[in-house]
Each structure stands twice: as structure tokens, then as C-alpha cells.
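Here is the structure we will look at.
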Amino acid sequence: MDAFRHRFLQLALDAEALRFGDFTLKSGRQSPYFFNAGRFDSGARLAALASCYADALEAAAVAGSIKDFDLLFGPAYKGIPLATALACEFARRGRDLPLAFDRKEAKDHGEGGRLIGAPLGGKRVLIVDDVITAGTAVREALALIHAGGGLPAGIVIALDREERASDVDPRSAAHAVAEEQGIPVIAVARLGDLLAFAGENATLAAERGRLQAYRARYGSVD
């Protein structure tokens, strides 16, 4: 496993962003684990998380999995702090990228509109978010980017659960979005990485069987 993936999973475990037990997902599935990026709730945790995102993107660029981008976009709400932290991390590494995000509802006073931050026109836009579940939020963000004159260049997320989007679609939600939109989706870590991580961590050894059973039942065919 790449070092940044291992670092991310350990960070998520320490922050209790990654938890094990019995959880009911929005889909109604009973999952043995849950990921909540909202638990990266301090400056140090966000900075460490942003470093993992940046490493994943740099590795993807070297592998040719993603082309260049020149603006970061954070969909409301969780994408906003994630994109902001990533912009700060890239600046620390010597690359100053513009940043934009959206409101859930359009503002009818002041500057108005739904978009805040740098203008999107003519920019190659990277969407920064935590996960892709049904893909609805990402599709809304893509529509806003197109409307603002931007060109979507890719999506980066923290964790790809690698499970079927639905009973009739065997692809993962991330893969479905990538195919439909013709853009890459880069994940800092995937369920396969989590399985490997659990196998290396003595305290998580008991969880590995449940994770494998969940993947056998709901895993995507990507």
C-alpha cells in the first residue's frame, strides 16, 4: 500500500472519522464500518488530511490517471473545508491555486448567486469532496461548474467504498460518475486498502472478516 494511503487510514482511525460497528447507511444497507470526514475537526487534522489528498493527486499525475487542473472547487458543505485545506497544502508546496465553492441556496443580496471565490471561467476545475454515494451532489457541482464557464478536470475524494451504486447498477458510484462525465475520480484510499490496513493492524483483525463479507455482498465490479 502507498504510504499516503496508510497514513490517511491511520489518521482517520485516530480521529474517529473511521469507525467500526453496525451502521445503517442512507442506502439502507447495514455496514460494518462508517466514514465521517466531519471528524477531521481541527487545524492539525485538516492539514494532515490535506497532505494525503495532495500526495494522492501527485501520485495520480505521475501515473497519468489525471491531467492538470488549475482551480479547486469544494461542494457545500463538507467539500468547502476540504478544498480550502488542500489549497493551503498546495500553497505550502509552492503551488498557489485559486479556490471556489458553492452555497446550498442562491443569495439574492450582496454579491448574489450560488458561487463564492475565484471565477470559474476558462479554468480546469478539480472537485474536492469526502465520498461519492449516490453521485447527486457531484452532478450538481458539475452543473454549476459548466454554468460558470469552467471545465471539469476530475474529482478527488477521501474514501471510495467500492460498492455497487444500486441493485441494478454493478458499478461503484464513483466509477459511474467517472464514466458518465468522462473525468477521472481519484480516491485517497479504497475499501481494498482498508482491508489491507485491517490485516496489518492487530486491533482491527476481528473487523477484517466482516469487511470481506460486506464486500462479497455489495462490492462493485469496477
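The values are calculated or read from the model by the stated rules, or taken from the named source; none is laboratory data. Bear in mind that the values here come from a model prediction, so they are computed numbers and not experimental data. So basically every Cβ, Gly included, is an ideal-geometry build from the backbone, and we count neighbours across all protein chains shown. When the accessible area is computed, the model is the full protein with side chains, heavy atoms only, and any ligands, DNA or RNA have been set aside. Shrake-Rupley method; radii C 1.70, N 1.55, O 1.52, S 1.80 Å.
What to note about this one:
- Any hit, the range 170-188, residues being farther than 19 Å from R139 by Cα, aliphatic (A, V, I, L, M) and in contact (Cβ under 8 Å) with a residue 24 or more places away in the chain: yes
- Number of the exception - K26 against (1) open to solvent by 50 Å² or more (accessible area, probe 1.4 Å); (2) within 23 Å of E163 (Cβ to Cβ); (3) modelled with pLDDT of 95 or more; (4) not acidic (D, E): (3)
- Single unsatisfied condition, Y77 versus (1) assigned to a loop (DSSP other than H, G, I, E, B); (2) of a type in the set (F, W, Y); (3) without any contact (Cβ under 8 Å) to a residue 60 or more places away in the chain; (4) over 15 Å from A141 (Cα atoms): (4)
- Matching residues in the range 122-136 - criterion: being open to solvent by 10 Å² or more (accessible area, probe 1.4 Å) and in contact with a helix residue (DSSP H, G or I) (Cβ under 8 Å, 6 or more places away or on another chain): D129, D130, V131, I132, T133, A134
- Residue within the range 30-51 that is in a helix (DSSP H, G or I), of a type in the set (K, R) and either over 24 Å from A134 (Cα atoms) or open to solvent by 40 Å² or more (accessible area, probe 1.4 Å) (or both) present: yes
- Considered as a group, the residues in the range 2-23 that are open to solvent by 20 Å² or more (accessible area, probe 1.4 Å) and in contact with a Phe, Trp or Tyr (Cβ under 7 Å, 6 or more places away or on another chain) include one that is nearest to A54 (Cα to Cα), and that residue is H6.
- Among the residues of the range 122-166, just one is outside any strand (DSSP E or B), in contact (Cβ under 8 Å) with a residue 60 or more places away in the chain and on the phi > 0 side of the Ramachandran plot, namely E162.
- Residues that are of a type outside the set (A, V, I, L, M) and under 22 Å from F101 (Cα atoms), drawn from the range 161-183: Q181, G182
- Any chance R210 is under 30 Å from R124 (Cα atoms) and open to solvent by 40 Å² or more (accessible area, probe 1.4 Å): no
- Filtered by the rule that a residue be among the β-branched types (V, I, T) and open to solvent by 60 Å² or more (accessible area, probe 1.4 Å), the range 61-82 gives a lone residue, V62.
- When residues in the range 173-190 are screened for being at pLDDT below 95, in contact with a Leu (Cβ under 8 Å, 6 or more places away or on another chain) and among the hydrophobic types (A, V, I, L, M, F, W, C), 0 of them pass.
- Some residue of the range 106-115 being surrounded by 21 or more Cβ atoms within 10 Å (Cβ to Cβ) and either outside any strand (DSSP E or B) or within 15 Å of the chain's Cα centre (by Cα) (or both): no
- Test: E58 is within 16 Å of the chain's Cα centre (by Cα), open to solvent by 70 Å² or more (accessible area, probe 1.4 Å) and of a type in the set (D, E): yes
- Single residue of the range 182-207 satisfying the filter (open to solvent by 30 Å² or more (accessible area, probe 1.4 Å) and hydrophobic (A, V, I, L, M, F, W, C)) that is nearest to S31 (Cα to Cα): A206
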